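Participant: Handing you a structure now.
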């Protein structure tokens with residue numbers, strides 16, 4: 001399955017990356033409001049600021065200070081068309097063609113593809129309960145020019161990068177004049193306790209480029225994200241944004257800025273956390289009833305399959321029944337027999353459909369796996 005096909009399926013039950021859509025009427029009503037098109041909101045007679053509307057950048061800077069302990073100026077914030085756009089912007093600024101880059105193994109397949117298209121030499125670095133194994137990275141490729149990772153909640157396994165490894169990673173970056181791209185894809189949507197501060201909040205050496213988006217907290221349909229650049233790269237980011245990657249429409253930016261300023265955004269995030277905890281717990285109860293082997297993984301539940309089980313084929317058949325779990329093996333650069341599993345997104349696991357969907361899913365799994373093997377009933 002191509003990267004395009006993986007992103008453009010659904011929406012369907014268990015699909016990753018799609019948030020609950022309740023409560024968005026206020027935001028989209030503002031986007032349609034003629035008030036945002038009146039003189040004074042922005043002038044349609046000149047080009048908008050390619051870095052993004054100042055109101056939007058100011059709201060993001062204020063929100064990051066509170067939610068991620070990341071203190072930055074609006075001038076450091078660049079508005080993008082989502083995470084992929086932010087990654088592309090950062091890679092163009094850094095200009096590291098041909099250099100080595102650390103990437104989590106397993107890790108987000110679109111990130112891997114983006115790094116390959118940028119002509120970087122991707123070095124897979126294993127992940128464990130403490131997150132990215134920095135010792136392994138230093139041993140295998142200490143001369144890498146970049147590390148790209150999800151320190152808040154590792155995608156897809158859900159672990160948080162430990163403080164020890166955060167400090168070790170920053171020390172490596174400073175010592176080797178390397179850069180770090182922090183993919184903060186879930187922002188503060190931490191279902192277990194309080195979200196860890198952003199890695200960039202510890203970055204005294206200014207080696208971290210922080211990328212976030214509104215895809216998981218509002219909607220991927222907004223195509224709205226942001227990059228927080230180190231101060232020494234502000235000019236370079238401004239030049240690339242102006243010539244190659246200008247910010248998206250001011251209308252949706254101003255609507256989102258107002259949504260945040262009036263407190264709707266932070267209330268939505270809190271409401272989503274309560275909803276997702278309830279849906280995750282209901283899903284886990286269904287898996288217990290099927291005597292399955294599973295672990296919590298951020299906004300997903302990882303359903304383990306027997307070694308070598310064809311998780312990609314299972315997913316393809318599940319999609320014909322309105323389900324779209326993600327095959328774990330697709331997140332590995334080099335899949336092995338033990339990398340088989342299904343990532344079940346909890347945001348799209350609506351409780352009224354859970355029992356029927358789980359029953360159907362285990363019927364499909366049963367046709368591909370031998371009965372009696374752990375993880376399959």
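Participant: Checking the structure you have, find out if any residue of region 218-235 is in a helix (DSSP H, G or I) and within 14 Å of residue 50 (Cα to Cα).
Facilitator: yes
Participant: Could I ask something else about it? Every residue in region 170-196 that is part of a loop (DSSP other than H, G, I, E, B), modelled with pLDDT of 95 or more and within 16 Å of the chain's Cα centre (by Cα), please.
Facilitator: 184
Participant: Please go through region 295-314 and give me each residue that is within 24 Å of the chain's Cα centre (by Cα) and either without any contact (Cβ under 8 Å) to a residue 40 or more places away in the chain or surrounded by fewer than 18 Cβ atoms within 10 Å (Cβ to Cβ) (or both), ordered by number.
Facilitator: 295, 296, 311, 312
Participant: Would you confirm whether any residue within region 127-143 is surrounded by 24 or more Cβ atoms within 10 Å (Cβ to Cβ), assigned by TED's automatic domain parsing to the domain that holds residue 209, without any contact (Cβ under 8 Å) to a residue 60 or more places away in the chain and in a loop (DSSP other than H, G, I, E, B)?
Facilitator: No - not one qualifying residue is present in region 127-143.
Participant: Now, a different point. Go through (1) closer than 25 Å to residue 241 by Cβ; (2) buried (at least 16 other Cβ atoms within 10 Å of the Cβ); (3) modelled with pLDDT of 90 or more for residue 36 and report which single condition fails.
Facilitator: Just one mismatch for residue 36, condition (3).
Participant: Modelled with pLDDT under 95 and either surrounded by fewer than 18 Cβ atoms within 10 Å (Cβ to Cβ) or touching a helix residue (DSSP H, G or I) at 6+ places or on another chain (Cβ under 6 Å) (or both), is that true of residue 48?
Facilitator: Judged against the criteria, residue 48 is a match.
Participant: With respect to residue 137, determine if the residue is at positive phi, touching a strand residue (DSSP E or B) at 6+ places or on another chain (Cβ under 8 Å) and modelled with pLDDT of 95 or more.
Facilitator: So residue 137 does not fit the description; no.
Participant: Starting from residues that are over 19 Å from the mean Cα position of the chain (by Cα) and surrounded by 15 or more Cβ atoms within 10 Å (Cβ to Cβ), keep the ones in region 103-121 and report whichever is nearest to residue 335 (Cα to Cα).
Facilitator: 121
Participant: Looking at (1) modelled with pLDDT of 95 or more; (2) part of a loop (DSSP other than H, G, I, E, B), can you tell me which one residue 372 breaks?
Facilitator: Every listed condition holds for residue 372 apart from (1).
Participant: Does residue 241 satisfy the condition of being touching a residue at least 60 places away in the same chain (Cβ under 8 Å), surrounded by 21 or more Cβ atoms within 10 Å (Cβ to Cβ), in contact with a strand residue (DSSP E or B) (Cβ under 6 Å, 6 or more places away or on another chain) and not in a strand (DSSP E or B)?
Facilitator: yes
Participant: Which one is surrounded by the fewest Cβ atoms within 10 Å (Cβ to Cβ), of the residues in region 144-169 that are in a helix (DSSP H, G or I) and in contact with a strand residue (DSSP E or B) (Cβ under 7 Å, 6 or more places away or on another chain)?
Facilitator: Ranking the qualifying residues of region 144-169, first place goes to 165.
The values are calculated or read from the model by the stated rules, or taken from the named source; none is laboratory data. The shown structure was predicted, so the numbers you read here are calculated from the model rather than taken from an experiment. Methodologically, a virtual Cβ is constructed for each residue, glycine included, from the backbone with ideal geometry; neighbour enumeration extends over all protein chains shown.
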